[in-house]
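Novice: Below you'll find the structure I mean.
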Amino acid sequence: MKLHAQPLLAGFLSALLACTGGAILIVSSAENAGYTNYELISWIFSVYFFGGLLNAALSLYYKIPFGGAHSITAVAFLSTSVVVFSIEELAGAAIMSGLIIAVFGLSGLADKVLTYLPKPLLDAMLAGLIFNHIVKIVPAFKESPFIGGLAVLGFLLFPKIFKKCPPILGVVCMGMLALWIGYDFPAADQIPFALPHIISPVFSWNSFISLALPISLLILSNDLFVALAALRKNGYEPSAIKAITISGVATSLVGWLGGHSVNVGGMMSMLCSSEEAGPQAKRYYSGIVSGVLVALFGLFAWKVIAFMKILPLSFILIVTGFSLLGVFIQSMQSAFSKQQFSYSTVIAFAIAVSNVSFLGISAPVWSLVVGLFMMKWFREGKAA
């Protein structure tokens with residue numbers, strides 16, 4: 001039993017990573033886009049329930065600690081980009097994105113595309129998107145200093161008191177304590193139980209360029225490739241073709257239910273396969289635990305939405321910002337650690353931060369297009 005304590009804890013922390021900031025981002029994205037509660041339930045249910053089952057099944061079958069649900073980096077992208085798209089267009093984009101990923105997995109094209117579009121450029125775009133969420137911590141702190149103060153205290157103290165504890169757990173726990181002490185919760189809406197439903201997808205050139213391509217690139221570069229690298233670093237030999245292809249097919253299928261992705265996760269697989277997850281032969285239990293908890297979270301989607309809708313905006317902004325802090329730091333380090341991409345990454349970052357659409361194409365896409373042009377124009381990345 002003692003051997004199983006570490007995988008259980010790692011699985012719990014992995015699930016927590018997916019079910020905090022990621023869920024809040026989906027709810028806020030759907031509200032900004034004007035989606036109904038019925039559509040939002042389908043979105044959350046599909047990506048968490050089926051995402052959890054997929055990773056639990058992969059972990060059990062291959063005896064490899066796959067952790068994941070949906071792509072948090074992709075939903076961070078959608079939080080600013082999906083506003084002008086309907087749920088039907090999002091469904092169509094997810095289906096196309098999944099097909100792109102599956103084709104890449106079967107053909108080996110992913111390596112070539114990501115070589116042509118280097119990771120520092122993708123990370124500069126992602127860092128710019130996430131930066132918009134990070135900076136909102138400051139005005140949220142000013143609006144609710146008691147909630148913000150306890151959340152920051154949790155962020156600082158929890159990893160010191162509880163070893164290997166992710167700081168976001170401290171933010172959530174201490175933030176909820178602040179709400180319990182000083183916030184009068186309004187009555188929650190009575191949102192009835194609902195299963196995910198089939199959404200008739202709409203396929204358009206605009207959604208392909210503005211949503212499907214960026215989502216597929218983000219899932220490949222920030223989830224699948226990170227997961228495969230972490231698993232191999234920790235002594236496992238997962239099949240890249242199978243992991244990428246299965247994630248692509250699953251993403252296409254869940255797109256019919258309004259979900260944006262279902263895939264093997266980068267940070268979650270890293271956590272489940274690390275030494276802190278126990279003996280190597282037992283670590284796959286962490287993937288199973290993580291997947292089961294994530295699936296249960298999705299099963300209660302209607303309750304999750306009702307609860308999140310009564311939380312104060314300042315708390316949501318604080319939790320979202322802190323939950324993305326680790327991804328932001330990694331993206332910034334990757335984007336600006338190599339001097340040979342200096343102009344292209346700065347321009348890509350600035351355009352993504354601006355969040356300004358032009359000619360119906362979203363800022364993240366423009367950041368990649370202009371960044372790629374700058375990279376070619378200044379011959380960045382070429383060997384001296």
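The values are calculated or read from the model by the stated rules, or taken from the named source; none is laboratory data. None of these values were measured; they are calculated from a predicted model. Note: ideal-geometry Cβ built from the backbone for every residue, glycine included; neighbour counts use all protein chains shown. Only protein heavy atoms, including side chains, enter the accessible area calculation; ligands, DNA and RNA are left aside. Shrake-Rupley method; radii C 1.70, N 1.55, O 1.52, S 1.80 Å.
Novice: Ignoring everything but the protein chains, give the 1.4 Å probe accessible area of Leu58 in square angstrom, nearest 10.
Specialist: Answer for Leu58: close to 20 Å² accessible.
Novice: Could you give the size of the charge dipole of the range 239-384 about its Cα centre, using +1 on the Cβ of each K and R and -1 on the Cβ of each D and E, expressed in debye and rounded to the nearest 20?
Specialist: 180 debye
Novice: Just reorder Cys173, Cys19 by solvent-accessible area, largest first, 1.4 Å probe, all chains present.
Specialist: From most accessible down to least: Cys173, Cys19.
Novice: So for the chain, taking the charge dipole from beta-carbon charges (+1 Lys/Arg, -1 Asp/Glu), which of Gly175, Gly22, Gly265 sits furthest toward the positive end?
Specialist: Gly265
Novice: Right, next: Could you list, in their original order, any pairs among Lys63/Lys242; Lys63/Lys233; Lys119/Lys338; Lys119/Lys242 whose Cα atoms are separated by more than 19 Å?
Specialist: Beyond 19 Å: Lys119/Lys242.
Novice: Rolling a 1.4 angstrom probe over the protein heavy atoms, how many square angstrom per residue are accessible across the chain?
Specialist: Result: 43 Å² per residue.
Novice: Take the chain, connect every pair of alpha-carbon atoms lying under 10 Å apart with a spring to form a Gaussian network, then pick out the residue of Pro145, Pro238, Pro65 with the largest mean-square fluctuation.
Specialist: Result: Pro145 has the largest fluctuation of those listed.
Novice: Using θ = phi - 60° and the Karplus curve 6.51 cos²θ - 1.76 cosθ + 1.60, what whole-Hz ³J(HN,Hα) does each residue of the range 243-254 get, with Gly and Pro shown as x?
Specialist: 4, 6, 5, 4, 5, x, 4, 4, 5, 4, 5, 6
Novice: Same structure, new question: Quick one: with all protein chains in place, what share of the accessible area of the chain is carbon or sulfur, to the nearest percent (1.4 Å probe)?
Specialist: Taking all protein chains in place, the chain shows 70 percent carbon and sulfur surface.
Novice: Taking Cα centroids, how far is the range 117-186 from the range 195-220 in Å?
Specialist: So the two Cα centres are separated by 29 Å.
Novice: Quick check for me: using +1 on Lys/Arg Cβ and -1 on Asp/Glu Cβ, what's the dipole size of the range 136-267 about its Cα centre, in debye to the nearest 20?
Specialist: Numbers: 8 positive and 5 negative charges, 112 e Å.
With only Lys, Arg, Asp and Glu charged at Cβ, the dipole is about 540 debye.
Novice: Of the residues Ser247, Ser107, Ser59, which exhibits the maximal mean-square fluctuation in a Gaussian network model of the chain defined by a 10 Å Cα contact cut-off?
Specialist: Result for the chain, Cα springs under 10 Å: Ser107 fluctuates most.
Novice: Quick check of the Kirkwood formula: for the range 8-71, what is the inverse mean of 1/r over all pairs of different Cα atoms, in Å?
Specialist: The Cα-based Kirkwood calculation yields 12.7 Å.
Novice: Output wanted: per-residue J couplings in Hz (rounded whole) for the range 28-37, from phi through Karplus 6.51 cos²θ - 1.76 cosθ + 1.60, θ = phi - 60°, x for Gly and Pro.
Specialist: 5, 5, 5, 5, 5, 7, x, 6, 7, 4
Novice: Next question. So what's Rg/Rh here for the chain, counting alpha carbon atoms and using the Kirkwood radius for Rh?
Specialist: On the Cα set of the chain, Rg over Rh gives 0.95.
Novice: Let me ask another. Give, in whole angstrom and from largest to smallest, the semi-axes √(5λ) of the equivalent ellipsoid of the range 199-312, with λ running over the eigenvalues of the Cα gyration tensor.
Specialist: Working: eigenvalues 152, 92, 28 Å².
Ellipsoid half-lengths, sorted descending, are 28, 21, 12 Å.
Novice: Using heavy-atom solvent-accessible surface (probe 1.4 Å) with all chains present, what is the largest-first order of Glu39, Glu88, Glu275?
Specialist: Glu275, Glu88, Glu39
Novice: If you bin the C-alpha pair distances of the range 245-384 every 10 Å from 0, what whole percents do you get?
Specialist: Percent of Cα pairs in each bin: 9, 21, 33, 26, 10, 1.
Novice: Moving to a separate point now. If you put +1 on each Lys and Arg Cβ and -1 on each Asp and Glu Cβ, how big is the dipole of the chain around its Cα centre, in Debye rounded to 20?
Specialist: So the dipole magnitude of the chain works out to roughly 1060 debye.
Novice: Between Phe49, Phe162, Phe297, which gets the highest mean-square fluctuation from a Gaussian network model of the chain, Cα cutoff 10 Å?
Specialist: Phe162
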